[in-house]
Number of protein chains: 2
Amino acid sequence: MEIQHQDLSYEIYKRLKAMILANEFEAGAKLKQEQIASMFGVSRMPLHRAFQMLENEMLIESIPRRGYFVTKINANQLIDAFECREALEGVAARRAAQNITKDQLEYLKSLFEKFIGAQEINVPEYLESDQEFHNMIMKISGNQILNRLELLGNNTIRTFRGGLLRPPRETLPEHLGILAAIEKGDGELAEKLIREHTHKSMETLRERNKK
Amino acid sequence: MEIQHQDLSYEIYKRLKAMILANEFEAGAKLKQEQIASMFGVSRMPLHRAFQMLENEMLIESIPRRGYFVTKINANQLIDAFECREALEGVAARRAAQNITKDQLEYLKSLFEKFIGAQEINVPEYLESDQEFHNMIMKISGNQILNRLELLGNNTIRTFRGGLLRPPRETLPEHLGILAAIEKGDGELAEKLIREHTHKSMETLRERNKK
DNA sequence: ATATTGTATTTTGTATACAATTTAATCTAT
DNA sequence: ATAGATTAAATTGTATACAAAATACAATAT
């Protein structure tokens, strides 16, 4: 399993992506090629591919002959992404209910086990399980197209950088419900539940951004 | 409105995309950089961006240090894309029902007017209206993320290169029903109808590929 | 004949080089 | 001083150049 992607580009892509998601650049900041190149000790050539990967994921924007700029996170865009994700997670959950293996099911269960009946829930820990849960359902669905839509994931990450949208007390039972439906192999129900779940989170996001 | 995209890359991208969708390359064929470059009378540099755009749209695949290869159209992939599209068109139709303007509505109606009550329907003409209808609903939704998911569009194009999945007698009333729901501003119904509509087409595709 | 190794050729990935365009800095006119 | 024009510096896009890797080919051994 020796994927080396384009030798330098992929490494640069990963590093820049991490930096952008960690808000190490100002929103709208220009990524000067020469500067980034010398930062990584390479020429400008391998940057092009890295930049374009980031552009494809909507993390940066290209203005021809002007340069690449870190995209300003826009509330509407996050909502748009959530709306797409709501629908696509429905697709994913339905198929996951059909395809899931014993091991995968165990793994999903393990993500939330420690929080069940807990007096106090560690939020960052829960947040990670939450995101992993949703990502894994996408993976398990086996839909190859779904798993290429990185930009949805990025926008989700950016949303949750502000913390949970809703408290675990509210979402934990929902997660367990979805899981139960998947375990039963009831794709219809799994789809319905995950859509309601993600929809509620989206509504919370929408409310928050109204003020 | 002077978008010049990266000067040469975009032009090359468009030309190559058209060629690929017109099946002018064999499936799995390698796109040798030097060869393509001299074909367009440019160096290999502007190709990189063009290639990557095509890669993002799943029209070609990159294998590092090996090259770029025209992706073999795989039935499962088309079905996966359709499945995503079903869900996303639902999102689009729901929002379109809220956002649509008088002019946009008129335009959508005009697409199918000539086919209503017609004795004989020109299939290529109908096919074009059909695709335009679905694409416009995506646009009208105003969801910016939706409209970046080019790869779904490409896979749809490839599906319909084989002609209509279902006869106009069947799909025309469905299209008109969706349109009516949008006109009423009934997003719920529009979503339900377009999902059923696209789902039926997907099932047809699935059946066809079983044999 | 087939398989395997070593060599030559091709092709990709990256670096450097240069032209075109954009950004900044300077100068002039009101 | 401020606005507009003019020039200088910086930055991007593309071409050429070169090194590393992959493919094709030939030679040897089985």
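Search the stretch A:48-72 for residues being open to solvent by 40 Å² or more (accessible area, probe 1.4 Å) and within 15 Å of DNA strand C (Cβ to nearest atom), and hand back the single one that is farthest from residue B:50 (Cα to Cα).
Selected residue: A:69.
Name the one entry in A:29, A:18 that is among the small types (Gly, Ala, Ser), open to solvent by less than 50 Å² (accessible area, probe 1.4 Å) and not assigned by TED's automatic domain parsing to the domain that holds residue A:161.
On the way: A:18 fails: open to solvent by less than 50 Å² (accessible area, probe 1.4 Å).
So the residue among A:29, A:18 that is among the small types (Gly, Ala, Ser), open to solvent by less than 50 Å² (accessible area, probe 1.4 Å) and not assigned by TED's automatic domain parsing to the domain that holds residue A:161 is A:29.
Go through the stretch B:1-80 and tell me which helices (runs of 4 or more DSSP H), entirely inside it, have 1 or more residues that are within 14 Å of DNA strand D (Cβ to nearest atom), at pLDDT 95 or above and over 24 Å from residue A:8 (Cβ atoms). Step through it out loud before you land on a result.
Details: elements: B:9-21, B:33-40, B:45-56.
The qualifying helices (runs of 4 or more DSSP H) are B:9-21, B:33-40.
If residue A:63 satisfies every condition in (1) more than 14 Å from every other protein chain (Cβ to nearest Cβ); (2) in contact with a strand residue (DSSP E or B) (Cβ under 9 Å, 6 or more places away or on another chain) but one, which is the exception?
Only one criterion in (1) more than 14 Å from every other protein chain (Cβ to nearest Cβ); (2) in contact with a strand residue (DSSP E or B) (Cβ under 9 Å, 6 or more places away or on another chain) is unmet by residue A:63, namely (1).
Scan the stretch B:102-123 and report the pairs whose first residue is of a type outside the set (A, V, I, L, M) and whose second residue is open to solvent by 70 Å² or more (accessible area, probe 1.4 Å), with Cβ atoms within less than 7 Å and a gap of 6+ or a chain change.
Final answer for the pair search is none.
Does residue B:95 satisfy the condition of being facing chain A (nearest Cβ under 10 Å), open to solvent by less than 40 Å² (accessible area, probe 1.4 Å) and in contact with a Phe, Trp or Tyr (Cβ under 8 Å, 6 or more places away or on another chain)? So that I can check it myself, show each step before the final result.
Numbers: facing chain A (nearest Cβ under 10 Å): yes; open to solvent by less than 40 Å² (accessible area, probe 1.4 Å): yes; in contact with a Phe, Trp or Tyr (Cβ under 8 Å, 6 or more places away or on another chain): no.
No.
So, in the stretch B:166-211, of the ones that are among the small types (Gly, Ala, Ser) and part of a helix (DSSP H, G or I), which residue ends up nearest to residue B:107 (Cα to Cα)? Working first, answer last.
Filtering the stretch B:166-211 down to residues among the small types (Gly, Ala, Ser) leaves B:177, B:180-181, B:185, B:187, B:190, B:201.
Okay, now just the ones that are also part of a helix (DSSP H, G or I), so B:177, B:180-181, B:187, B:190, B:201.
Working: B:177: 16, B:180: 13, B:181: 15, B:187: 19, B:190: 17, B:201: 24 Å.
So the residue we want is B:180.
Scanning for something more than 9 Å from chain A (Cβ to nearest Cβ) and not hydrophobic (A, V, I, L, M, F, W, C), does the stretch B:72-82 turn up at least one residue?
Scanning the stretch B:72-82 turns up at least one residue that is more than 9 Å from chain A (Cβ to nearest Cβ) and not hydrophobic (A, V, I, L, M, F, W, C).
For the stretch A:142-152, enumerate the residues that are of a type in the set (S, T, N, Q) and assigned to a helix (DSSP H, G or I).
We begin by selecting, within the stretch A:142-152, every residue of a type in the set (S, T, N, Q); these are A:143-144, A:147.
The one that is of a type in the set (S, T, N, Q) and assigned to a helix (DSSP H, G or I): A:147.
I'd like to know if the stretch B:127-141 contains one or more residues that are crowded, with 19+ Cβ neighbours inside 10 Å, in a loop (DSSP other than H, G, I, E, B) and not basic (Lys, Arg).
no
Please give the number of the condition residue B:45 fails out of (1) surrounded by fewer than 19 Cβ atoms within 10 Å (Cβ to Cβ); (2) touching a strand residue (DSSP E or B) at 6+ places or on another chain (Cβ under 7 Å).
(2) is the only condition that residue B:45 fails.
The values are calculated or read from the model by the stated rules, or taken from the named source; none is laboratory data. Everything numeric here is computed off the predicted structure, so don't read it as measured data. Reconstructed Cβ throughout: ideal geometry from the backbone, glycine too, with neighbour counts over all protein chains shown. The accessibility values were calculated without ligands, DNA or RNA, using every heavy atom of the protein model including side chains. Shrake-Rupley method; radii C 1.70, N 1.55, O 1.52, S 1.80 Å.
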